[in-house]
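Colleague: Below are the structure tokens for one structure; questions will follow.
Readers should treat all values here as calculations from the given coordinates under stated rules, not as data from a laboratory. Bear in mind the structure is a predicted one, so any value in this text is a computation, not a measurement. Cβ coordinates were reconstructed from backbone atoms using ideal geometry, including for glycine residues, and neighbour counts include every protein chain displayed.
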């Protein structure tokens, strides 16, 4: 049966910069390993499951993209070896995907409900391009690893030989042998030599290295890795390390090679390294060689390690064990959000994660492994969620190890800023109010101040145990109970301050107690010390009881009868804005009214008349352009946006009305305002001036002071490494 859509729709294979979702569905964890397989859209490369959930048809209904490549993968039966009674060594067996799986491919039209010939001239390059493209998760891993690469002095001070055009025939094989792949071009002289033999069967005779040693030329580029976007494998033989060349296009053009005409034909070094790493499969065994007993069922689904991602897996597992996260994101009977890019939507990905972990749908033995041994789960790979949470973050966008608490705080920040249609912010049960009490040692007057937070840091007291005579190894420390740590945290300490009431310099006592308790208390135990001026993590046991633990004694009682409060510190008012006299005179001489001149100078730094004039030309339509500059009103009125913040948003391309509304809706926070603007692209900034700002809305109180305050251990995140930057 003919399909008219094939003739009408223009198709282009994916380029290296595009994401191809060909492993699992963007809206659930159904994958190519399920019986119905995965439909990859031939127009935007979204992955939609083709099983009972029909996310492929949901994508078609939203985008009107009817053509899809269905990929189904079945595991070849693998007979597992009997586990040894005692683990004697770690053995790693290399195998390709073809060794482990059979793959079935079908091209179909979802509108015509018909299968298409995938050898059709229009479809064959599409199928080939999708199968050869990096999957979304691999592409993001490669990007994250590549972020670690830098340039070097040998690239920055590179001197090239006289320019010449290297003919295409001379780029077809190594200068010293006939190898047609794994070819490295010396950027300094244009010599083309083969590289070293690589993992995965890529051949090489190291003639590029030999040339570098003989000539002293250090920098080479892998010819088959060059993309039109300007990325490529760059290697510096003098540094003996991978590098980046920010002027690659210019350096290649020197030899007549046009960057825009290049196509990537080989895997990069990073891609090969990651591929090799993922082939290593370590047994799920204990130290004595016994295999761990797997668990299955709702709420018992594991997460795969995506490469140093244990911090993410542990935090995600802990959070989705909490009722607030389960209630907010596990909604099996609700429709999914209708968004153009499900993989880039935080709501969709958190609901996908909740479904994956809690439904039990994916908590089942790996059906592809046969034998008498114990069969474990395959586990879920939350690659889309990891990329989304880390996007734009200096640390969490990389593949490095991270601190679990820092990740938790970053995730809380993202979730809190996200819209919650039913008002259920799942981070609310973690919030509480900590109250600090200061008392002057001279006049004994007190001051109470409070701060809302979602975790506490407790310092673990360190006491070395006596070392036995002749013993070697690391120091051992006396175990510490959680109660001892909390007693220290809430204990009184002396601080050096001058009293504003009596002028005494004797100092104050300071003590922190809970004004309210959260439903769930996050405690970060800091086990640090300094050895030879270097901070290290100390292996000291912290004893946390399994039975309920009462925190009533740590509740603050507030101001007590007979206590006299310290007078409030005098409020320091911001100095009145004084426009630069010379710049003001210049602007007024051009015919601008004084109020406009003052506004422009205030928004542009109060020094440059030209910058102020440009600001004026860009804000002539502002409704308050002729109103007197009132800085006091800006700080006191949530509805009045700071001109500097409006200017910052205007520099990003947003109009003044849009910027004002975004700032109003986000309480004046520029970062949140940018997120609000991107999530409300159709909002032109019109609103009812009488409507209260978001900041003025009554805020839900954090925590509760009700007693008894009884807690019980729910989960522990523990990193055994010695690095103070991870754990």
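Colleague: Fewest first, what order do 152, 49 take by the number of other Cβ atoms within 10 Å?
Modeller: 152, 49
Colleague: Please report 355, 334 as a ranked list, fewest other C-beta atoms within 10 angstrom at the top and most at the bottom.
Modeller: 334, 355
Colleague: Here is a further query. Could you put 449, 151 in order, starting from the residue whose Cβ has the fewest other Cβ atoms within 10 Å?
Modeller: So the ranking, lowest neighbour count to highest, is 449, 151.
Colleague: Something else about it: Could you tell me, in Å, what Rg and Dmax come out for the Cα atoms of region 145-277?
Modeller: Rg then Dmax for region 145-277, in Å: 13.6, 42.
Colleague: Kindly rank 603-609, 113-119 from highest to lowest mean number of other beta carbons found within 10 Å of each residue.
Modeller: So the peptides 603-609, 113-119, ranked by packing, come out 603-609, 113-119.
Colleague: Separate question: Please give the peptides 426-434, 340-348, 296-304 ranked by average Cβ packing (other Cβ atoms within 10 Å per residue), highest first, as a rough proxy for protection.
Modeller: Final packing ranking: 426-434, 340-348, 296-304.
Colleague: Also: Bins of 5 Å, beginning at zero and ending with the bin holding the largest distance: percent of Cα pairs per bin for region 493-570, please.
Modeller: Percent of pairs per bin, in order: 3, 9, 11, 15, 14, 14, 13, 11, 8, 2.
Colleague: Further question on the same structure: Sorted by average packing, counted as other Cβ atoms within 10 angstrom per residue and highest first, what order do 15-21, 155-161, 67-73 take?
Modeller: Sorting 15-21, 155-161, 67-73 by mean packing, highest first, produces 67-73, 15-21, 155-161.
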